[in-house]
Amino acid sequence: MTLLLKHLAVAFAVALTLAGSAWAVQPDEVLADPALEARARELSRDLRCLVCRNESIDESNADLARDLRVLVRERLVAGDSDSEAMDFIVDRYGEYVLLRPKVNGANWLLWTAGPVMLLLALITAAMYLRGRSRAPQLKEAGLSDAEEARLKELLDE
């Protein structure tokens, strides 16, 4: 019986985890027009929850994410295009609100820094290993006659 309860508890926890994003958008936020709602959901997937960091506002239950979802819907109802709504939110909250920031200006440095650092690390590792393989092998120095005599004397005691 205990094993069955453990399996049920695990299944329940998994179900809650997977259903969390379905509960994020509240029924009072949903727009009556299905086309506008679909556009709002698409835009919400590309916006970062500023509280949860790596979750979209569509998946987050945070109050700020709810405010952003409502703001997106307000902008769409007001007649903004998708790009105008996104530009409005980026102007207000900064480019950090985008889950996939644009590759331009200063962001270019951030997008290329990781691969460049990896390449430099691989080159450095290759040079180190190559230099190490070319280094002369050191021979172990044997014991001197005095050291051998002292060792024999210690072992005989």
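The values are calculated or read from the model by the stated rules, or taken from the named source; none is laboratory data. Predicted model only: the values in this text are computed from it and were never measured. Cβ placement follows ideal geometry from the backbone for every residue including glycine, while neighbour counts extend to all protein chains displayed.
Test E37 against the stated conditions and say whether it is part of a helix (DSSP H, G or I) and surrounded by fewer than 15 Cβ atoms within 10 Å (Cβ to Cβ).
Numbers: part of a helix (DSSP H, G or I): yes; surrounded by fewer than 15 Cβ atoms within 10 Å (Cβ to Cβ): no.
Against the criterion (part of a helix (DSSP H, G or I) and surrounded by fewer than 15 Cβ atoms within 10 Å (Cβ to Cβ)), E37 does not qualify.
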Where the second residue is part of a loop (DSSP other than H, G, I, E, B) and of a type in the set (V, I, T) and the first is under 17 Å from M86 (Cα atoms) and assigned by TED's automatic domain parsing to the domain that holds D33 and lies in region 52-76, which pairs have Cβ atoms under 6 Å and are six or more apart or on separate chains? L64/V51; A65/I57; L68/I57; R69/I57
Considering region 57-84, residues that are buried (at least 21 other Cβ atoms within 10 Å of the Cβ) and not in a loop (DSSP other than H, G, I, E, B), and then whichever is farthest from the chain's Cα centre (by Cα), we arrive at L76
Would you confirm whether any residue within region 108-115 is touching a residue at least 12 places away in the same chain (Cβ under 8 Å) and polar (S, T, N, Q)? no
Of all residues making up region 85-122, the number that are of a type outside the set (D, E, K, R), under 22 Å from R66 (Cβ atoms) and surrounded by 13 or more Cβ atoms within 10 Å (Cβ to Cβ): 9
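Give me the residue from region 77-92 that is of a type in the set (D, E) and without any contact (Cβ under 8 Å) to a residue 24 or more places away in the chain and, out of that set, farthest from A38 (Cα to Cα).
Of region 77-92, the ones of a type in the set (D, E) are 80, 82, 84, 87, 91.
The next check asks that each one be without any contact (Cβ under 8 Å) to a residue 24 or more places away in the chain; those that pass are 80, 84, 87, 91.
Values: D80: 14, E84: 16, D87: 19, D91: 23 Å.
That would be D91.
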Which listed residue, of E140, E153, is in a helix (DSSP H, G or I), charged (D, E, K, R), free of Cβ contacts under 8 Å to residues at least 60 places away in the same chain and not assigned by TED's automatic domain parsing to the domain that holds V51: E153
Yes/no for R130 being at pLDDT 90 or above and surrounded by 11 or more Cβ atoms within 10 Å (Cβ to Cβ): no
Test: A113 is in a helix (DSSP H, G or I), under 19 Å from the mean Cα position of the chain (by Cα) and within 19 Å of V30 (Cβ to Cβ): no
Taking E148 as meeting all but one of (1) modelled with pLDDT under 80; (2) surrounded by 10 or more Cβ atoms within 10 Å (Cβ to Cβ); (3) more than 30 Å from M86 (Cα to Cα), write down the number of the exception. (1)
